[in-house]
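Asks: The structure's right below; bear with me while I get my questions together.
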Amino acid sequence: MREQALWTRARLGRGGPTVDLLTARFNRHVYAPHAHDEITIGVCVGGSEVIDYRGGRIRPGPGSIVVLAPGEMHTGGPAASEGGYAYRALYAETSLLTDGTPGTAVPHFRDPLLDDPQLATALRITHTELAACPDPLEAESRIPWLLTALAHRHSTARATSDTVKGADHIARTVRDRLADELTSPPSLAALATDLGLSRYQLLRAFRTTMGIPPYAWLAQHRVTRARTLLESGLRPAEVAGMVGFADQAHLTRWFRRVLGVTPAAYRNSVQDAGV
């Protein structure tokens, strides 16, 4: 197993806070005792690690979630009997965990090692996809939602009611703003402030009404707009920026998700049909 440590920084919305994403795989490396200013959420994806933390020792295995509090010293290294370990880690401001628990103190995690396969899978997938393409709206739609879920399920903080009054109206308002500002969408934090909501309440209202988070709705709307431009004869590389995708690869990823073909294949097929 080749050792690697790759860092990516994702911004949560236009002008919003950042989170750092670490993709790591080690055979022998052992971290010196250290602490982070942010909360650390890690998911073990292979092998077995040993972490010294709070005077004890924890042993994450594949699928385990590890939560380390800000400012608390810890080390990490491979278990002696294993052939190395691999993990994904996210470093975030603690305020991102309190969106769905207004009025509470910073959530406290009594047990740093969590067994939650569903959440672990969601964290791993989100980490992998954002590390590959750290789109601000996608990061802002996905990361606070998952961190709030983590706090709801496993911390001492307890959420208030998830019901959001006027969810349909909120969702339509957000949808229209995203459509109107297609190439430079506002942050969800700014939209929430305009509507007198927390970001979590906005996400909850949108997901309840639309069935998908804001970034996914916007990506599908961009694909719809891209289809029209491709049908007019423009090339995918031109179309990507015109509809707000970061690059052609991002356009291709979403085009295939929504329509099952690449933009180039779609363009060729509609042009052939018009001959």
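The values are calculated or read from the model by the stated rules, or taken from the named source; none is laboratory data. Keep in mind it's a predicted model, so treat the numbers as computed, not measured. Cβ placement follows ideal geometry from the backbone for every residue including glycine, while neighbour counts extend to all protein chains displayed.
Asks: Would you mind telling me which numbered condition in (1) over 18 Å from Leu22 (Cα atoms); (2) modelled with pLDDT under 95; (3) touching a strand residue (DSSP E or B) at 6+ places or on another chain (Cβ under 9 Å) Pro134 fails?
Replies: If we test Pro134 against (1) over 18 Å from Leu22 (Cα atoms); (2) modelled with pLDDT under 95; (3) touching a strand residue (DSSP E or B) at 6+ places or on another chain (Cβ under 9 Å), just (1) comes out false.
Asks: With the requirement that a residue be closer than 19 Å to Gln4 by Cβ and modelled with pLDDT of 95 or more, what does segment 24-41 give you?
Replies: Result: Thr40, single match.
Asks: Looking at Asp176, Asp194, Asp247, which one is in contact with a helix residue (DSSP H, G or I) (Cβ under 7 Å, 6 or more places away or on another chain) and surrounded by fewer than 18 Cβ atoms within 10 Å (Cβ to Cβ)?
Replies: Details: Asp176 fails: in contact with a helix residue (DSSP H, G or I) (Cβ under 7 Å, 6 or more places away or on another chain); Asp194 fails: in contact with a helix residue (DSSP H, G or I) (Cβ under 7 Å, 6 or more places away or on another chain).
Matching residue, one of Asp176, Asp194, Asp247: Asp247.
Asks: Is it true that Ser141 is modelled with pLDDT under 90 and assigned to a helix (DSSP H, G or I)?
Replies: On the way: modelled with pLDDT under 90: no; assigned to a helix (DSSP H, G or I): yes.
The answer is no for Ser141.
Asks: Which of the following residues is closer than 22 Å to Ile143 by Cβ and either part of a helix (DSSP H, G or I) or in contact (Cβ under 8 Å) with a residue 24 or more places away in the chain (or both): Ala246, Ala179?
Replies: Numbers: Ala179 fails: closer than 22 Å to Ile143 by Cβ.
Answer to the selection: Ala246.
Asks: Going residue by residue through segment 83-94, is there one that turns out to be under 21 Å from Glu38 (Cβ atoms), in contact with a strand residue (DSSP E or B) (Cβ under 9 Å, 6 or more places away or on another chain), outside any strand (DSSP E or B) and among the aliphatic types (A, V, I, L, M)?
Replies: no
Asks: Without any contact (Cβ under 8 Å) to a residue 40 or more places away in the chain, outside any strand (DSSP E or B) and small (Gly, Ala, Ser) - does that describe any residue in segment 64-74? Quick ask: steps written out before the conclusion?
Replies: Start the filter on segment 64-74 by keeping residues that are without any contact (Cβ under 8 Å) to a residue 40 or more places away in the chain, which leaves 70-72.
The next check asks that each one be outside any strand (DSSP E or B); those that pass are 70-72.
This time we only want the ones that are small (Gly, Ala, Ser), so: 71.
Yes.
Asks: Regarding Thr121, is this residue in contact with a strand residue (DSSP E or B) (Cβ under 8 Å, 6 or more places away or on another chain), of a type in the set (Val, Ile, Thr) and modelled with pLDDT of 90 or more?
Replies: Details: in contact with a strand residue (DSSP E or B) (Cβ under 8 Å, 6 or more places away or on another chain): no; of a type in the set (Val, Ile, Thr): yes; modelled with pLDDT of 90 or more: yes.
Here the answer is no, as Thr121 does not meet what is asked.
For (1) of a type in the set (Asp, Glu); (2) under 13 Å from Pro134 (Cβ atoms), each residue gets a yes or a no:
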| position | (1), (2) |
| --- | --- |
| Glu3 | yes, no |
| Thr8 | no, yes |
| Leu21 | no, yes |
| Gly46 | no, no |
| Tyr53 | no, no |
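Asks: Looking at Ala171, Ala205, Ala139, which one is of a type in the set (Gly, Ala, Ser), closer than 26 Å to Asp20 by Cα and within 21 Å of the chain's Cα centre (by Cα)? Break it down stepwise before answering.
Replies: Working: Ala171 fails: closer than 26 Å to Asp20 by Cα; Ala205 fails: closer than 26 Å to Asp20 by Cα.
The unique qualifying residue is Ala139.
Asks: In segment 197-215, which residue that is part of a loop (DSSP other than H, G, I, E, B) and not polar (S, T, N, Q) is surrounded by the fewest Cβ atoms within 10 Å (Cβ to Cβ)? If you could, list the steps in order and put the result at the bottom.
Replies: Kept after step one, since they are part of a loop (DSSP other than H, G, I, E, B), are these residues of segment 197-215: 197-198, 211-213.
If we keep only those that are not polar (S, T, N, Q) as well, we get 197, 211-213.
Numbers: Leu197: 19, Gly211: 10, Ile212: 14, Pro213: 19.
Ranking the qualifying residues of segment 197-215, first place goes to Gly211.
Every residue, every condition in (1) assigned to a helix (DSSP H, G or I); (2) under 22 Å from Pro185 (Cβ atoms); (3) in contact (Cβ under 8 Å) with a residue 24 or more places away in the chain, yes or no:
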site	(1), (2), (3)
Val223	yes, yes, yes
Ala237	yes, yes, no
Gly241	yes, yes, yes
Trp254	yes, yes, yes
Arg267	yes, no, yes
Gln271	yes, no, yes
